[in-house]
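Everything below concerns the one structure shown next.
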Amino acid sequence: MKIDLCELSPSYVRSIAPYQPGKPISELAREMGIAEAGIVKLASNENPRGIGPRTRVAIDAALADIARYPDGNGFELKQALAKRYGVDMGSIVLGNGSNDVLELVALAFLGPGRAAVFSQHCFAVYPLATQARGARSIVVPAKSYGHDLDAMARAIDDETYIAWIANPNNPTGTFARHEEVEAFLKRVPERVLVVLDEAYNEYIGADLRADPVKWLKRHPNLVVTRTFSKAYGLAGLRVGYALAHPSVADVMNRVRQPFNVNSIALAAAAAALDDMEFVARSYAVNLSGMRQLEEGVRGLGLDYIPSYGNFLAVRVGKGQEIFKRLLRRGVIVRPVGGYGLPEHLRVTIGTAAENERFLAALAASLRE
């Protein structure tokens, strides 16, 4: 071969460092020779409770039609979401997880000569989705590990078309109060889409929870994204959604792949959306587990970033080294050096037994 075919790709694509997901249990079992049953995974912010009984029934029923293509428009799920949030079905975009929906925003509204603004320590998909479209990234220094919305507003320039905001933020768990977010919305130019990523919305306490969906009528440049991967327990089925002004949703749907959400995911999500008892119990289990981890890491003399999600970023010192020591003890967490936090590890809230297993392994790893 006389040419390197990689060179045919745009330079901004060639320079992308692919997203690194949490290590699977099966991979660690192979590497370390540990039985899968003896491994605890607290790396990917999954729901330790699994799925609810209604969801399981819906999945079983959907299997009968697995040989058929799914409803490419996702009518039943859109109808359920429209009823829940009081929006038109034309305001809804479905995705293969909310990650897919975020990519659709970038695909529809970014390109060379355009820019997106986001915070230091933000979700890795924002810079990746921005760079993949040849757009410029405007990175604003974090404030107490979270979004400095005033600084982000000041950083917007004539080429900025998207502002990415995760609330709560991943991987730090920080939370911007809704009055601060709406003040940001009022301040930015109307041509700037404000993408409010609420993947962890169900873990916010009732005293802090608002309804940003109601802002859509006042702010047509707002896009709210959510997922069924966290509190609803459907991470393996990959289904998320965006709520947006109909004109924004229309453009996103033009670049959406047909059948991007499979039949089982559509049925499971519609059933899960209606099972608020399961979500409420998941919230309670997470709150109890968060207190357990906070107390445990304080007992080890460690600092952590107060979190409003279902995970905790713990400052352990040499993050990558402690991560490896934990792996040898059969505990998978998430190193976040790539997020500019080399001294921290992000730990998902698990069951009480899983949390205790992590704390014991962490204590041993720190002594090693």
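The values are calculated or read from the model by the stated rules, or taken from the named source; none is laboratory data. Quick caveat, the model's predicted, so the values are computed rather than measured. FYI the Cβ positions are ideal-geometry reconstructions off the backbone, even for glycines, and counts take in every protein chain you see. Note: accessible area is taken over every heavy atom of the protein model, side chains too, but ligands, DNA and RNA are not part of it. Shrake-Rupley method; radii C 1.70, N 1.55, O 1.52, S 1.80 Å.
The table below gives the values:
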quantity	calculated
Test: residue in region 209-224 that is closer than 18 Å to V101 by Cα, assigned to a helix (DSSP H, G or I), without any contact (Cβ under 8 Å) to a residue 40 or more places away in the chain and not aromatic (F, W, Y)	yes
The one condition in (1) on the phi < 0 side of the Ramachandran plot; (2) open to solvent by 10 Å² or more (accessible area, probe 1.4 Å); (3) in contact (Cβ under 8 Å) with a residue 12 or more places away in the chain that V331 fails to fulfil	(2)
Filter result for R177 (surrounded by fewer than 23 Cβ atoms within 10 Å (Cβ to Cβ), among the charged types (D, E, K, R) and touching a residue at least 40 places away in the same chain (Cβ under 8 Å))	no
The listed residue being small (G, A, S), closer than 26 Å to G33 by Cβ and buried (at least 16 other Cβ atoms within 10 Å of the Cβ), out of G350, G296, G289	G350
Per-region count, region 189-202, residues over 13 Å from Y241 (Cβ atoms), surrounded by fewer than 24 Cβ atoms within 10 Å (Cβ to Cβ) and either free of Cβ contacts under 8 Å to residues at least 24 places away in the same chain or in contact with a Lys or Arg (Cβ under 8 Å, 6 or more places away or on another chain) (or both)	1
Whichever residue in region 215-263 is touching a strand residue (DSSP E or B) at 6+ places or on another chain (Cβ under 8 Å) and among the hydroxyl-bearing types (S, T, Y) and, among such residues, is farthest from P168 (Cα to Cα)	Y241
Those strands (runs of 3 or more DSSP E) lying entirely in region 55-158 with at least 3 residues open to solvent by less than 40 Å² (accessible area, probe 1.4 Å)	92-95, 115-119
Yes/no for I25 being hydrophobic (A, V, I, L, M, F, W, C) and either more than 30 Å from H344 (Cα to Cα) or at pLDDT below 85 (or both)	no
Qualifying residues in region 13-48 (those that are outside any helix (DSSP H, G or I) and among the hydroxyl-bearing types (S, T, Y)) - the one surrounded by the most Cβ atoms within 10 Å (Cβ to Cβ)	S44
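Residue-wise test of (1) surrounded by fewer than 22 Cβ atoms within 10 Å (Cβ to Cβ); (2) more than 16 Å from K78 (Cβ to Cβ); (3) not hydrophobic (A, V, I, L, M, F, W, C).
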residue: L222; (1), (2), (3): no, yes, no
residue: F228; (1), (2), (3): no, no, no
residue: G233; (1), (2), (3): no, yes, yes
residue: A244; (1), (2), (3): no, no, no
residue: V248; (1), (2), (3): no, no, no
residue: N260; (1), (2), (3): yes, no, yes
residue: A269; (1), (2), (3): no, no, no
residue: A272; (1), (2), (3): no, no, no
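Results for (1) among the charged types (D, E, K, R); (2) touching a Phe, Trp or Tyr at 6+ places or on another chain (Cβ under 7 Å), shown as yes or no for each residue.
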site: E190; (1), (2): yes, no
site: E198; (1), (2): yes, no
site: D211; (1), (2): yes, no
site: K214; (1), (2): yes, no
site: H219; (1), (2): no, no
site: V223; (1), (2): no, no
site: T227; (1), (2): no, no
site: A231; (1), (2): no, yes
site: G240; (1), (2): no, yes
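Matching residues to (1) over 30 Å from V57 (Cα atoms); (2) in contact with a Lys or Arg (Cβ under 8 Å, 6 or more places away or on another chain); (3) part of a helix (DSSP H, G or I):
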| position | (1), (2), (3) |
| --- | --- |
| P258 | no, no, no |
| A265 | no, yes, yes |
| A271 | no, yes, yes |
| R291 | yes, no, yes |
| S307 | yes, no, no |
| K324 | yes, no, yes |
